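Below you'll find the structure, written out as structure tokens, and then a few comments.
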Amino acid sequence: MAGLTDLLNLDLSDRTGKIIAEYIWVGDTGMDVRSKARTLAGPVDDPSKLPKWNFDGSSTGQATGDDSEVILRPQAIFRDPFRKGNNILVICDCYAPNGDPIPSNKRYTAEKIFSHPDVKAEEPWYGIEQEYTLLQKDTNWPIGWPLGGYPGPQGPYYCAAGAEKSYGRDIVDAHYKACLYAGISIGGINAEVMPGQWEFQVGPSVGIAAGDQLWAARYILERITEIAGVVVSFDPKPIPGEWNGAGAHTNYSTKSMRGDGGYEVIKKAIKKLGARHTEHIAAYGEGNERRLTGRHETADINTFVWGVANRGASVRVGRDTEKEGKGYFEDRRPASNMDPYVVTSMIAETTILWETTLSNGSTK
């Protein structure tokens, strides 16, 4: 008699050429990832060759009950690390039946920005550092923490090893390998300053792919924590007090920044980011005011400051970039629950397309 594990691990390739495609989309809250699966006649490696689909938007807060159909348009394909074989994960965005993007579809606007000729010419690269916290399912308290209590102060936990300092490594490593299998450009992982908090990095990715890959990585993490019976939190400040928050530091460069003389381009770009600080903060994640306090490796939410190797800045430039006169910078303001489509496209729009108006009426 086959057990549940045997059935989950069935290899279908010697029985059928059909595959399973898991269609994934972002729900109404902007952080809930939804998905459902369908059978396809055979392997597909081009999202434009995948059929559109639909779902009941009234059950996800994305449509009303009297007109509930929302259309899914496939946009990116990844290998499925759960079903394996030729099965795939499909990142989709959402549209009304008349073809208009629904309000929660942030990818549509991002793609318009990344398709602008000036942005395409600059080949924007992104590396996103996604922090998150693993919580006990029944208590919503970080794993490894005493129930209702606190571990010792921060200090021993960052990049640590050992049962008394590192909690959840099996989940983290499973996620790392699953992302590599899926074809996501995951750059690495590390334990964070607060125990039970971890980080993975996605990139370098170009343009819209940065958002597609981060959402795929988040989905895979949600599935793995589901299997493990653990809750993943993207709250930017899950534990009040003397504990680090969780961010999504976004590293960024353009072709001009990576070339000779790029440091001057970087400084001009940072000046533009400072001029639009309030607008960026408003789009960089919910609850970020609890994290950006000017403490725990952050700048105050109401202040824009940049510096070289300064982890208390809004924007940090690395020593190597300063020394070599070219490279990239890190926007440290985005919260862990930010939408990568919004953040990446907004950085490109501000630094490449937006012009500041000077006191004499000229632009630069």
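The values are calculated or read from the model by the stated rules, or taken from the named source; none is laboratory data. The structure displayed is predicted, hence computed values, not measured ones. Positions of Cβ are backbone-derived with ideal geometry, glycine not excepted, and every protein chain shown enters the neighbour counts. Just so you know, the surface numbers come from the protein's heavy atoms only, side chains and all, with ligands and any DNA or RNA stripped out. Shrake-Rupley method; radii C 1.70, N 1.55, O 1.52, S 1.80 Å.
Over the heavy atoms of Leu135, what accessible area does a 1.4 Å probe trace out, to the nearest 10 Å²?
20
Modelling each spin label as a point 7 Å along the Cα-to-Cβ direction, I'd like the Thr109/Lys255 distance in nm, to one decimal.
So the two model labels end up 2.7 nm from each other.
Ignoring ligands, DNA and RNA, please state the percent of accessible area on the chain from carbon and sulfur, probe 1.4 Å. Numbers along the way, then the final one.
Details: 8500 of 17010 Å².
Of the solvent-accessible surface of the chain, carbon and sulfur hold 50 percent.
A 32 angstrom limit on the alpha carbon distance is what I want to check against. Which of Lys165/Lys323; Lys120/Lys323; Lys106/Lys177; Lys106/Lys268 exceed it? Before the final figure, lay out the partial values.
On the way: Lys165/Lys323 36 Å; Lys120/Lys323 27 Å; Lys106/Lys177 28 Å; Lys106/Lys268 27 Å.
Cα-Cα > 32 Å for Lys165/Lys323; rest within.
By how many nm would the segment from Asn54 to Glu297 lengthen if fully extended, with 0.36 nm per residue of separation less the alpha-carbon distance?
Numbers: separation 243, 0.36 × 243 = 87.48 nm, distance 4.32 nm.
Gain on extension, Asn54 to Glu297, equals 83.2 nm.
Nearest 5 is fine: what % of DSSP beta bridges in the chain come out antiparallel, could you say?
Values: 55 of 62 bridges.
So the antiparallel bridges in the chain amount to around 90 percent.
For the chain, set up a GNM with springs between Cα atoms under 10 Å and report which of Ala161, Ala246, Ala21 has the largest fluctuation.
Ala161
Using alpha-carbon pairs under 8 Å, 6+ residues apart, how would you state the relative contact order of the chain in percent? Provide the component values of the computation, followed by the final result.
Working: 734 pairs, mean separation 55.9, N = 364.
Once normalised by length, the contact order is 15 percent.
Which aspartates and glutamates have a Cα lying under 17 Å from the Cα of Lys36, excluding residues fewer than 8 positions away in the same chain?
Here the aspartates and glutamates satisfying the reach criterion relative to Lys36 are Glu22, Asp28, Asp56, Glu69, Asp80, Asp93, Glu222, Glu226.
Which value, to two decimals, describes the C-alpha radius of gyration of the chain once divided by 2.2 N^0.38 Å?
On the way: Rg = 21.5 Å, N = 364, 2.2 N^0.38 = 20.7 Å.
Normalised by 2.2 N^0.38 Å, the Cα Rg of the chain equals 1.04.
Divide by every residue of the chain the summed helix terms, -39500 (n - 2.57) for each DSSP H run of at least 4, and state the resulting mean residue ellipticity at 222 nm, rounded to the nearest 500 deg cm²/dmol. Kindly include the intermediate steps, with their values, before the conclusion.
Values: 10 runs with 94 residues, N = 364.
-7500 deg cm²/dmol, from helical runs alone.
Work out, step by step, the length gained on full extension between Asp14 and Ser68: first 0.36 nm times the residue separation, then minus their alpha carbon distance; give nm to one decimal.
Working: separation 54, 0.36 × 54 = 19.44 nm, distance 3.92 nm.
That pair, Asp14 and Ser68, stretches by 15.5 nm at full extension.
Keeping every protein chain present and rolling a 1.4 Å probe, give me the accessible area per residue for the chain in Å². Walk me through the numbers before you get to the answer.
Numbers: 17010 Å² over 364 residues.
I get 47 Å² per residue for the chain.
I want to verify a result. In a Gaussian network model of the chain, Cα cutoff 10 Å, which of these has the top mean-square fluctuation: Pro74, Pro101, Pro153?
Largest GNM mean-square fluctuation: Pro153.
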